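Novice: Mind looking over this structure? Questions follow.
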Amino acid sequence: MESSTNGLAERIRDHARTRPDAIALIFEGRETGYGAFDRNASRVANALIAAGCRPGDRVAYLGKNRDIYFEYWIGAVKAGLVTVPVNWRLAPPEVAYILNDCRPRVILCEPEFLDRVTGIDALILVTDPAGDHPVFTPWRDAQPDADPHRDAGYDGAVLQLYTSGTTGNPKGAMLSNRSLLGVRASVPAEELPEWYRWSAEDVSLIAMPVFHISGSGWGVWTLQHGARGIVVREFDPERVLDLLVAHHITKIMLVPTALRILCDHPAAAETDFSFLKTICYGGSAIPLDLLRQAIAVIGCGFAQMYGMTETAGTIVGLPPEDHDPEGSPRMRGIGIPLPGVRVRIVDAEGRDLPAGEVGEIVVASQANMIGYFDRPEATAETVDAEGWLRTGDAGWMDADGYLYLADRIKDMIITGGENVYPAEVENALYSHPDVADVAVIGVPDPKWGEAVKAIVVPAAGASPDPAALIAWARERIAAYKAPKTVDFRADLPRNPSGKVLRRLLREDYG
């Protein structure tokens with residue numbers, strides 16, 4: 001078991017002392033060992049301090065994945081600061097909202113996104129030469145590499161990630177060293193599930209965007225264990241295939257849609273994936289046909305991860321042994337809590353519900369966020385005095401302690417006084433061979449209050465009949481849950497973690 005006082009920066013210091021030449025990160029041909037990484041992070045810390053940053057200040061990053069993001073982040077940790085990676089896919093007004101909310105003293109920005117930071121009162125650094133802005137590398141290297149050791153405490157904030165904003169404005173979830181490291185640090189390694197264990201011999205692919213917990217969090221898992229991380233700007237299936245083979249990557253995290261792209265790539269069938277131990281995925285359940293395809297093409301273990309920004313990522317996992325290519329009830333679930341994570345299913349009054357009954361999933365663990373930045377009321381609504389965090393997800397637990405996700409509480413449809421969870425309807429329609437993707441929403445209805453509508457992405461070459469899909473659903477779920485109408489689209493709007501943005505669909509359909 002690791003010391004509970006061993007925060008992010010101290011992990012890097014430890015690896016730099018014991019394995020300075022071991023490779024920490026590789027990015028587009030550039031290799032950085034743990035010793036050099038640690039020294040560069042110290043230079044960043046000194047540069048931020050010289051720029052006038054004080055403990056607790058925010059510094060932002062607006063760009064795609066790069067190795068220097070992690071140096072910037074750990075440098076900020078060494079200076080006692082909080083890093084805010086911002087979603088570069090957002091529209092300029094959305095970026096402006098986040099920057100105005102977190103009030104960063106320094107922003108590290110890729111040149112293509114400079115138009116998003118105009119009017120912000122901060123020192124603007126650029127990753128590559130652009131105008132008269134200071135360039136990150138010479139700005140960093142102008143400082144000494146003496147470590148300032150100004151780290152925040154184990155419970156101090158080190159990362160601030162903004163929620164996806166599926167309803168209302170995004171909120172900045174503050175994550176501490178404990179949030180990011182505590183679940184692993186509190187449990188002996190041998191008590192962790194095998195798929196969740198890491199070692200210094202692992203090689204990981206850091207392909208998910210760093211503005212999301214699946215990107216920054218996956219990077220943390222890599223660095224805290226002294227493993228090697230291969231950083232890619234964006235997910236590109238052809239590039240990913242090349243990197244998997246070239247570096248013998250052992251661990252990778254993807255959303256199911258990215259996994260399908262990877263498996264469908266013509267070169268995948270000819271690739272030897274024997275070095276790959278585990279593919280972790282999240283954002284949504286893996287369709288059975290995709291699991292079968294992935295097992296046939298790749299052949300490694302698969303683990304579903306459930307978590308959220310407010311829980312610093314994964315708190316529940318469906319292990320490889322529960323991934324049955326023939327299908328099983330557990331394949332429809334999200335798995336079992338990790339060691340040290342407590343989960344309850346509660347009703348609207350916070351009372352525990354028995355196995356099999358749907359309620360809200362609430363969790364307590366060291367991974368829970370500190371709270372929302374400058375949002376004490378929103379924090380109090382989400383985390384109670386005993387540390388139980390309301391996920392906003394509806395779900396249920398079976399007698400064996402496996403969790404099943406029903407839906408987001410706010411996405412529940414009330415039709416004729418009956419509660420309908422979209423995920424249940426979607427699961428019924430997913431099983432139809434002509435359905436590649438589906439989302440279910442409630443739309444205004446003069447008779448029922450809300451009516452169930454399905455938006456379907458047809459399978460390649462298929463032209464499904466709406467009436468046939470409705471009949472298919474009625475055979476598998478209660479008639480009142482079946483869609484009243486079916487529309488077709490080429491794709492569904494999703495956030496970076498792969499979750500369907502039902503809010504946008506509801507707006508489209510009034």
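Novice: From (1) crowded, with 18+ Cβ neighbours inside 10 Å; (2) out of contact with any helix residue (DSSP H, G or I) (no Cβ under 9 Å at 6 or more places or on another chain), pick out the condition that doesn't hold for Gln160.
Specialist: Exception for Gln160: condition (2).
Novice: Return yes when Gly498 is out of contact with any Asp or Glu (no Cβ under 8 Å at 6 or more places or on another chain), surrounded by 14 or more Cβ atoms within 10 Å (Cβ to Cβ) and either among the hydroxyl-bearing types (Ser, Thr, Tyr) or part of a loop (DSSP other than H, G, I, E, B) (or both) and no when it is not.
Specialist: Yes: the conditions hold for Gly498.
Novice: Let me ask another. Just for the stretch 417-435: of the residues that are assigned to a helix (DSSP H, G or I) and under 25 Å from the mean Cα position of the chain (by Cα), which one is farthest from Ala490 (Cα to Cα)?
Specialist: Of everything passing the filter in the stretch 417-435, Glu424 is farthest from Ala490 (Cα to Cα).
Novice: Let me ask something else about it. Considering Ala460, Ala439, which residue is modelled with pLDDT under 95, closer than 24 Å to Ile286 by Cβ and buried (at least 17 other Cβ atoms within 10 Å of the Cβ)?
Specialist: Every option except Ala439 fails the conditions.
Novice: Follow-up question, since we're still on this one. Does the stretch 171-181 contain any residue that is touching a Gly at 6+ places or on another chain (Cβ under 9 Å), aliphatic (A, V, I, L, M) and in a loop (DSSP other than H, G, I, E, B)?
Specialist: No, because not a single residue in the stretch 171-181 is touching a Gly at 6+ places or on another chain (Cβ under 9 Å), aliphatic (A, V, I, L, M) and in a loop (DSSP other than H, G, I, E, B).
Novice: Further, regarding this structure: Taking the residues in the stretch 1-34 that are among the hydroxyl-bearing types (Ser, Thr, Tyr) and in contact with a Lys or Arg (Cβ under 9 Å, 6 or more places away or on another chain) as candidates, determine which candidate is modelled with the highest pLDDT.
Specialist: Within the stretch 1-34, the match that is modelled with the highest pLDDT is Tyr34.
Novice: Here's something else I'd like to know. With respect to Ala41, determine if the residue is more than 25 Å from Ala185 (Cβ to Cβ), in contact with a Lys or Arg (Cβ under 7 Å, 6 or more places away or on another chain) and among the hydrophobic types (A, V, I, L, M, F, W, C).
Specialist: Against the criterion (more than 25 Å from Ala185 (Cβ to Cβ), in contact with a Lys or Arg (Cβ under 7 Å, 6 or more places away or on another chain) and among the hydrophobic types (A, V, I, L, M, F, W, C)), Ala41 does not qualify.
Novice: Can we say Asp398 is under 30 Å from Ala189 (Cβ atoms), touching a residue at least 60 places away in the same chain (Cβ under 8 Å) and more than 20 Å from the chain's Cα centre (by Cα)?
Specialist: Taking the combined requirement at face value, the residue satisfies it.
Novice: Hey, another quick one. Mind listing just one residue for me: the one in the stretch 199-224 that is part of a strand (DSSP E or B) and among the β-branched types (Val, Ile, Thr) and, of those, nearest to Phe235 (Cα to Cα)?
Specialist: Ranking the candidates gives Ile206 first.
Novice: Now a separate question. Helices (runs of 4 or more DSSP H) wholly in the stretch 45-157 with at least 3 residues that are within 22 Å of Leu25 (Cβ to Cβ), over 23 Å from the mean Cα position of the chain (by Cα) and not assigned by TED's automatic domain parsing to the domain that holds Ile206 - which ones?
Specialist: Ranges flagged: 136-141.
Novice: Right, here's the next one. Do we find a residue being farther than 22 Å from Gln224 by Cα, touching a strand residue (DSSP E or B) at 6+ places or on another chain (Cβ under 9 Å) and crowded, with 19+ Cβ neighbours inside 10 Å anywhere in the stretch 61-73?
Specialist: Checking the stretch 61-73: at least one residue is farther than 22 Å from Gln224 by Cα, touching a strand residue (DSSP E or B) at 6+ places or on another chain (Cβ under 9 Å) and crowded, with 19+ Cβ neighbours inside 10 Å.
Novice: Provide a single number: the residues in the stretch 430-440 that are of a type in the set (A, V, I, L, M, F, W, C) and touching a Phe, Trp or Tyr at 6+ places or on another chain (Cβ under 7 Å).
Specialist: Selection size over the stretch 430-440: 1.
One line per residue, one yes/no per condition, for (1) over 20 Å from the mean Cα position of the chain (by Cα); (2) surrounded by fewer than 20 Cβ atoms within 10 Å (Cβ to Cβ); (3) under 26 Å from Gly172 (Cα atoms):
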position: Val245; (1), (2), (3): yes, yes, no
position: Ile261; (1), (2), (3): no, yes, no
position: Ala267; (1), (2), (3): yes, yes, no
position: Phe273; (1), (2), (3): yes, yes, no
position: Ala312; (1), (2), (3): no, no, yes
position: Glu326; (1), (2), (3): yes, yes, no
position: Ile334; (1), (2), (3): no, no, yes
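Novice: Looking at Ala367, Ala348, Ala355, which one is buried (at least 16 other Cβ atoms within 10 Å of the Cβ) and at negative phi?
Specialist: Ala367
The values are calculated or read from the model by the stated rules, or taken from the named source; none is laboratory data. Small disclaimer: the values here were computed from a predicted structure and weren't measured. Quick reminder, even Gly has a Cβ in these numbers, built from the backbone with ideal geometry, and neighbours come from all protein chains shown.
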